[in-house]
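Below: one structure, written as structure tokens.
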Amino acid sequence: MATTYAYPGVYIEEITGPGVIVGVGTSTAAFIGPAARGPFMRPTVITTFDEFGRQFGEALDFWPYLERNKRRYFLGHGVQGFFDNGGTRAVIVRVGNGTPAVWSVRNQPVAGAGAAEELFRIEAVAEGPEGNNYTVTLSAPPAPAPGQPVPTLAYAIADINAVDANDRRKITIAYQAASPGKFVPGDIVALAGVAAKNRVQSIGTSANGPVLTLDTAIAAGAPPATVKIAAIDTQTRIRLEQRLPVIQAGSLITNSGAPTFYAIVDSTDSDGFVELRAPFQQADGSAVTAANAIDVSTQPTLTSQDFGIKISVPGKVLDDEAGLSLDPFHSGYVLRRVFKTIRVLPPVTPPTTTVVASLRPRALIQTPGVNDDPTSVGFMSYRNALARLQDVDDVNIVCAPDAANDPQAQQELRQHCLTMKDRIAVLDVPYGLSPANSPSALDHEAAVEASGGFTALYYPWLIVPDPVRAGKSQPSAAQPFAVPPSGHIAGVYARIDESLGVHTPPANTEVRGVMGLERRLSDREQGLINLKGVNALRIFPGEGRVLVWGARTTAPQGETDWTYVNVRRLLLYIEESIQEGIRWAVFKPNDHGLWQSLKRTIGSFLDRVWKDGGLVGLKREQAYQVRIDEGLNPPDEIALGRLHIEIKVAPVRPAEFIIVRIGLWDGGAQVTES
């Protein structure tokens, strides 16, 4: 109400202006996942990792890390990584309903191998009790069909007729009548009466018969009577009579006859040679000795221990895959195989046994799918949790470390950020994927690509010390293990925001609290993924630090405006700050006075952003523009109660590629390399 001036004098009036726009926070991270305890589906704000432990950890000692049925969950590790790297405020949403059936595939314990260990996991794709009805069968390789050749160890034996006096590596031989085969270059051979093995370097001919050239000369004196392919004990090179596809790199093989030995194939070649990763082992893991070596004179066969997985329900087979292996070099590597009804996941803790015979999946332990059980969390649980986050305004970053191996759950995070348009999802590539060989990090990026740059993807996983073992009752048993990087990266975002500003790319900076990486990438490997929007974590030669070496979003390549994480987050900061900072103008008279006030208020805020280095341009007009005029606000729009404001900004983009041109200059002509 206007003041009434009733008497002559001086009147003082206080004028309250529109105020200034205060920048909003940019680094509150929401974490979604299963926890040991605490409220379900209720966003809970915490400001320290100890507070997380008190509310979401085990009842005993408030332990913050969750393990169930020998499976590790990563929510606690992600929250710890966030606070270790500079985070100060997090929102936790615990999920736990709708778990799928899970089968833990373990090895068959053998003497000397210790207790059974998990080799991999089988998880039903469908959440809830549907997977409980599945019958999971692990099958051994089928026996060869009648008449089908089997891999047979090569054998040859010959009499030595003469030793070359000038070169005692050369011997003239005559094959014995009972010799089933002949020598080839590369064969490991034994000479009668000579303890050390030798190797055939080359084979020639002479009038008196074949001439073998050995690697090592024969000692002077009476020549050995015979030469034969040596029995197999400590050597890692063997030869087959024929090369068959059943024996390939990564195959676990055994020999026929007694005793049975085990080895893993490293490589094969077209000549039938098989290189083993290490010498054959006895079943208990002990070394093969000369006393019980594999006698190749009997021409034993080799059998692959590749296995199969069959998923069935009464009266119907749903999935049936054979020729599987636990070795990444095998064409049937089980973690790369795609099934219709199940997912095959890495073990919670990689097996530690060195006994080759124990690397055979045999035992199955099933955990039925039930409600409110952290055995596994499906995408519907994440969808429901994200719906609760829609009402939490100050969330800027969304992470779900336990969704790393669930593309559907990650797609829920992506869709949430696309819908809200005020936050970004930090996502993880699944464990164990290669950069570009399918299934790969590139494949996963395609599944979580987000228009507008509302997601960022990081790879590979981080190696951290095991706080569960080190902190509880087994400090001497602590072993490093892999965790998804999203929680640590969210902390890096917070640290960079605090020290340098949200406009600064969160890259070329150290990830704290880690020991290493799941795999080290080369420049070439990063080159395969960087332009596609997969941000690499790197350890460079001569350094022990893990560095964030990428700052891209997963925006489609045509959306160059949203290529970089810092640009996306800067615009989110500007948009939300202006949205909250000009709320005072709602219901004010929509006239030129309001327009000028808003223009000054917004311009003042953008001026601070420009001076802080968030916008480029030597002049204000080059860095930002604010337009509020009749062209944007004609009378018909004003009549509808609308006020339109047009803002243009020029955000800082990172110097991702630095090209240095070096030339030779001798004071006259110049030669340039570029």
By the scheme Lys and Arg +1, Asp and Glu -1, what is the net charge of all other residues having a beta-carbon under 11 Å from that of PRO223?
-> -1
Can you tell which of THR601, VAL102, LEU537 lies farthest toward the positive end of the dipole of the chain, using +1 and -1 charges on the Cβ of basic and acidic side chains (Lys, Arg; Asp, Glu)?
-> VAL102
Mean ellipticity per residue at 222 nm, deg cm²/dmol - from DSSP H runs of n ≥ 4 across the chain, formula -39500 (n - 2.57) = -5500 deg cm²/dmol
ALA222 paired with ALA291, simple spin-label distance in nm, labels 7 Å along Cα-to-beta-carbon | 2.9
Considering only VAL464, VAL184, PRO556, whose Cα is most displaced toward the positive end of the charge dipole of the chain, charges sitting on Cβ of Lys, Arg (+1) and Asp, Glu (-1)?
-> VAL184
Take the Cβ-Cβ distance between ALA258 and THR137 as r, set R0 to 25 Å, and report the resulting FRET efficiency rounded to the nearest 0.05.
-> 0.30
Order of TYR134, TYR564 under a 10 Å beta carbon neighbour criterion, fewest first | TYR134, TYR564
Say the cut-off is 24 Å between C-alpha atoms; which of LYS170/LYS228; LYS421/LYS532; LYS599/LYS619; LYS532/LYS619; LYS421/LYS588; LYS340/LYS532 go over it?
-> LYS532/LYS619; LYS421/LYS588; LYS340/LYS532
Cα centre as origin, Lys/Arg/Asp/Glu Cβ charges: the chain dipole, Debye = 920
Kindly provide the pair-distance distribution of the stretch 256-305 built from C-alpha pairs, with 10 Å bins from 0 and whole-percent values in order of increasing distance.
-> 23, 56, 21, 0
Kirkwood hydrodynamic radius over Cα pairs of the chain, then Stokes diffusion coefficient at 25 °C and 0.890 mPa s, in µm²/s | 81
By how many nm would the segment from ASP167 to GLU621 grow when fully extended, if each residue of separation counts as 0.36 nm and the alpha-carbon distance is taken off?
-> 154.6 nm
Roughly how tilted is helix 565-581, in degrees to the nearest 10 and between 0 and 90, from the longest Cα axis of the chain?
-> 30
Fewest-first ordering of PHE82, PHE540, PHE120 by Cβ atoms within 10 Å yields PHE540, PHE120, PHE82
Inter-label distance, nm, simple model (7 Å from Cα along the C-beta direction), ARG653/ALA387 = 4.0
What does the charge dipole of the stretch 530-674 about its Cα centre add up to, to the nearest 20 debye, if the Cβ of each Lys and Arg holds +1 and the Cβ of each Asp and Glu holds -1?
-> 400
Note on the stretch 157-229: C-alpha Rg/Rh, Kirkwood Rh, two decimals, gives 0.91
Treating only the Cβ atoms of Lys and Arg (+1) and Asp and Glu (-1) as charged, compute the dipole magnitude of the stretch 237-304 about its Cα centre; round to the nearest 20 debye.
-> 40
Going toward the positive end of the dipole of the stretch 292-363, with +1 on Lys and Arg Cβ and -1 on Asp and Glu Cβ, which of PRO314, THR301, PRO350 do you reach last?
-> PRO314
If we count other beta carbons within 10 Å of each Cβ, what is the order of LYS340, LYS421, fewest first?
-> LYS340, LYS421
So who's got an amide H within less than 5 Å of the one on TYR564, skipping anything under 5 residues away but keeping other chains? H placed 1.01 Å off N, in plane.
-> THR553
Label-point separation (nm) for ALA177 and ARG661, each offset 7 Å from Cα along Cα-to-Cβ?
-> 8.3
Given Cα pairs under 8 Å that are at least 6 residues apart, what percent is the relative contact order of the stretch 237-304?
-> 34
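We did not get these values from a lab; they are worked out from the coordinates using the rules stated. Worth saying up front: this structure is predicted, and the values here are computed from it rather than measured. When we count neighbours, we look across all protein chains shown, and the Cβ atoms used for this are built from the backbone with ideal geometry, even at glycine.
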